[in-house]
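What follows is a set of notes on a single structure, which appears directly below.
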Amino acid sequence: MKLQLSGKLLSTAACFMIALSAPALSSAADTIKFGVAGAHSGDLASYGLPTVKAAELVVEKVNANGGINGKKVELLVEDDVCKPEVATNTATKLISDGVDVVLGHICSGATKAALPIYSNAGVLVMSPSATNPALTQSGEYPNFFRTIAPDDAQAKIDVEFALNNLGYTKIAVIHDKGDYGKGFAEFAKKFLEDSGKAEVVLYEGVTPGAVDYSAIVQKIKRSGAQAVMFGGYHPEASKIISMMRKKRLKTDFISDDGVKDNTFIKVAGKDAEGAYASGPKDTTKNPLSIQAVEEHKEKYGADPGAFFENAYSAALAMLNAIEKAGSTDLDALKKALQTEKVDTPVGSIYFDDKGDAIGVGFSVYQVQNGEFVEL
Amino acid sequence: MDYFIELFCSGITRGAIYALIALGYTMVYGIIGLINFAHGEIYMIGAFTSFIVATVLSIYGFPLLAIIVVAGVAAAVWSSAYGFTIEKIAYKPLRHAPRLSPLISAIGMSIFLQNYVLLAQTSDFLPFPELIPDFAFMEPIAHIVGSSDLVILITTTVVMIILTFVIKFTRIGKAMRATAQDRTMAMLVGINVNNVISATFIIGSALAAIGGMLIASHIGQINFYIGFIAGIKAFTAAVLGGIGSIPGAVLGSLVLGLTESFATGYVSSDYEDVFAFALLVLILIFKPSGLLGKDETQKV
């Protein structure tokens, strides 16, 4: 009993100590503490480790040039294993270490769990990979920014393209019942209905692997749709588009990143001509992207992994904002992020008032003469 | 009304596709009472063989008809060899084992063949050449029935008639029926049961291979996994029609195809499989032996 009591006392005291020491540490710091949080071990480590490498490369370069506003940048790397329950501890640890800005987290769930903790401490967070739409769109996380397009960005760009560039008013939305395809289709349906400009004349899921899609094609024909918006992957897309052309149906075909694959063109052949698909913006010709990949190869002797360029860009954007704002105060940083354009491997970007990067994301491609051409 | 006809034709095409595969299931089951789960893989191997042969021949500029015949024959021979070998390796040693053992062996064979093709060929989807051209006389109704639909329909009908004829009126057919009725008795009267079973597997596999070629040409793409889903559906059709019965397999396939097509057309393609399998359950509740299946008498 006595032991238990003293244990409680001790932990309470420890909490006080941390609470008191955190602000003291950050105000007395003569370095900029740059946190990196994400999955660095476990089965999703391959998503998180490239971000650590990107941060190391950027920080090393910045410090070699004399730091930011005369201060050196110090990295604080913490693992959250992509688990929300661990991520809260990770965030608390970083805050108690006096972190100024955080690059991370990697997974949407972990990011969501950690954000309120950073928000209370007034710390800016920028994720290279958390794509959950609510993170920015809900407005609940004013300290959150990201350098990757949210999950609904593809549906948004496809819908805008169909409505504004092609001027269609009747659209059939078809999906493959999978997480990815159905998610895309649900967003597309929502955006189409919200726009008020077009009618969703058909909304259905097909069974992947079926031997024949003529029944659904006849249904599309009867619905009078001007375009089919398909959420799913290329095997079903090529079967459906081939069947449409076989049934002499000339309806346009608009789809997602799962279809923007050369196999789609190879398999559907001439039937694929004129089909639209959204895909990530082409960054391979961006000199900064080429340079970042080269730096990675030089230092680590391998090609960079997932979200490397997004992380590299996020690190650049945050350090640039600190430099421009002259402090690490959240409001000053937000203002700098929203007004100052910065050149990064994913393009020249700045941020909207919700935290999504403008200039990052997807483009619409069209199959022309057997190749995807960015429109 | 137009819409009804369109859906009806889609359903018939789908049914004919299922029937080409279901015939093999039902033949093997009729003779040795085994559900040959590797049958879908034989169909897939047939599609791959005809793909390879057709691609090579088209490089040398052979006429289309020659390509279809040679690719079809090559696929039939190659798949038959597989069917024959599978029976010898995976089923014959288990002929006197409990019924469950050859079934598990068949599932194992199916997984083995899928992975073998995955490793030996590719995991990618391959574009299958369009072997059946668009016939000019079909053009006015091409939006309802395509040329490849027509060829599949005709093939299924012809195959069903020939099979029924072979089983009813030829020596080997008589031997097959005898083996199906009572294997021990058939052996006693001098029928080489092993040869009869091998012949069944060879015929079933050749049919699957022809089906593989036509269906792959209709769909336009193949990969190592196509046999699985097609096999499951064809198996369902065979059970629906009464497994073991040749006309039953065709009837079951057509009923399944039409159900799926109308479910998609009038309700939603989300519920296509729900309707198909609900129908299967209903029919099996009221007629456990399937639409045309014979009531099985318990062997004493």
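With respect to A:A237, determine if the residue is in a helix (DSSP H, G or I) and touching a His at 6+ places or on another chain (Cβ under 7 Å). The answer is no for A:A237.
A:G224 - would you say it is of a type in the set (G, A, S), more than 9 Å from every other protein chain (Cβ to nearest Cβ) and over 29 Å from the mean Cα position of the chain (by Cα)?
yes
Among residues that are closer than 26 Å to A:Q338 by Cα, aliphatic (A, V, I, L, M) and crowded, with 17+ Cβ neighbours inside 10 Å, A:A268 is not included. I'd like the full set of residues that are free of Cβ contacts under 8 Å to residues at least 60 places away in the same chain and exposed (fewer than 15 other Cβ atoms within 10 Å of the Cβ), limited to segment A:132-146. Across segment A:132-146, the qualifying residues are A:A134, A:S138, A:E140.
Out of all the residues in segment A:265-297, which are farther than 30 Å from A:A315 by Cβ and in contact (Cβ under 8 Å) with a residue 40 or more places away in the chain?
Those that are farther than 30 Å from A:A315 by Cβ and in contact (Cβ under 8 Å) with a residue 40 or more places away in the chain: A:I265, A:A272, A:E273, A:G274, A:A275, A:Y276, A:A277.
Residues that are under 29 Å from B:G40 (Cα atoms), in the same structural domain as A:I240 (by TED's automatic domain parsing), modelled with pLDDT of 85 or more and not in a helix (DSSP H, G or I): does segment A:185-205 have at least one? Checked segment A:185-205: at least one residue is under 29 Å from B:G40 (Cα atoms), in the same structural domain as A:I240 (by TED's automatic domain parsing), modelled with pLDDT of 85 or more and not in a helix (DSSP H, G or I).
Of the residues making up segment B:123-140, those that are more than 9 Å from chain A (Cβ to nearest Cβ) and surrounded by 13 or more Cβ atoms within 10 Å (Cβ to Cβ) are B:P129, B:L131, B:I132, B:F135, B:M138.
Of all residues in segment A:305-350, exactly one satisfies the criterion of being closer than 15 Å to A:V101 by Cα and aromatic (F, W, Y), namely A:Y312. Checking each residue in segment A:184-218 for being touching a strand residue (DSSP E or B) at 6+ places or on another chain (Cβ under 7 Å) and more than 14 Å from chain B (Cβ to nearest Cβ) picks out A:F184, A:A188, A:L192, A:E193, A:A198, A:E199.
Taken over segment A:232-244, the residue count meeting the criterion of being more than 10 Å from chain B (Cβ to nearest Cβ) and farther than 27 Å from A:G361 by Cβ is 1.
If you take the residues in segment A:298-340 that are in contact (Cβ under 8 Å) with a residue 12 or more places away in the chain, assigned to a loop (DSSP other than H, G, I, E, B) and of a type in the set (D, E, K, R), which one is nearest to A:N143 (Cα to Cα)?
If we take residues in segment A:298-340 being in contact (Cβ under 8 Å) with a residue 12 or more places away in the chain, assigned to a loop (DSSP other than H, G, I, E, B) and of a type in the set (D, E, K, R), then A:D329 is nearest to A:N143 (Cα to Cα).
Selection within segment B:254-285: residues that are more than 20 Å from the chain's Cα centre (by Cα) and of a type in the set (F, W, Y). The member of this set that is farthest from the other protein chains (Cβ to nearest Cβ) is B:F275. Among the candidates A:T339, A:T344, A:T328, A:T283, single out the residue that is of a type in the set (S, T, Y) and touching a Leu at 6+ places or on another chain (Cβ under 6 Å). Residue meeting the stated conditions: A:T344. Counting the residues of segment A:246-269 that are facing chain B (nearest Cβ under 10 Å), closer than 14 Å to A:V367 by Cβ and more than 26 Å from the chain's Cα centre (by Cα) gives 5. Applying the condition of being within 12 Å of chain B (Cβ to nearest Cβ) and in contact with a Phe, Trp or Tyr (Cβ under 9 Å, 6 or more places away or on another chain) to segment A:171-183 and asking which residue is modelled with the lowest pLDDT yields A:D176. Applying the criterion of being among the polar types (S, T, N, Q) and within 14 Å of B:R95 (Cβ to Cβ) to the residues of segment B:169-191, the residue that is surrounded by the most Cβ atoms within 10 Å (Cβ to Cβ) is B:T179. With respect to the conditions (1) touching a residue at least 12 places away in the same chain (Cβ under 8 Å); (2) in a loop (DSSP other than H, G, I, E, B); (3) not aromatic (F, W, Y), A:R248 lacks only one, and its number is (1).
The strands (runs of 3 or more DSSP E) falling completely within segment A:78-172 that include 3 or more residues that are over 30 Å from A:Y365 (Cα atoms) map to A:101-103.
Yes or no, residue by residue, for (1) within 14 Å of chain A (Cβ to nearest Cβ); (2) surrounded by 23 or more Cβ atoms within 10 Å (Cβ to Cβ); (3) among the small types (G, A, S); (4) under 11 Å from the mean Cα position of the chain (by Cα):
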position: B:D2; (1), (2), (3), (4): yes, no, no, no
position: B:S10; (1), (2), (3), (4): yes, yes, yes, no
position: B:T13; (1), (2), (3), (4): yes, yes, no, no
position: B:A16; (1), (2), (3), (4): yes, yes, yes, yes
position: B:L20; (1), (2), (3), (4): yes, yes, no, yes
position: B:G24; (1), (2), (3), (4): no, yes, yes, yes
position: B:M27; (1), (2), (3), (4): no, yes, no, yes
position: B:I35; (1), (2), (3), (4): no, no, no, no
position: B:H39; (1), (2), (3), (4): no, yes, no, yes
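The values are calculated or read from the model by the stated rules, or taken from the named source; none is laboratory data. Quick caveat: nothing in here was measured; it's all calculated off a predicted structure. When we count neighbours, we look across all protein chains shown, and the Cβ atoms used for this are built from the backbone with ideal geometry, even at glycine.
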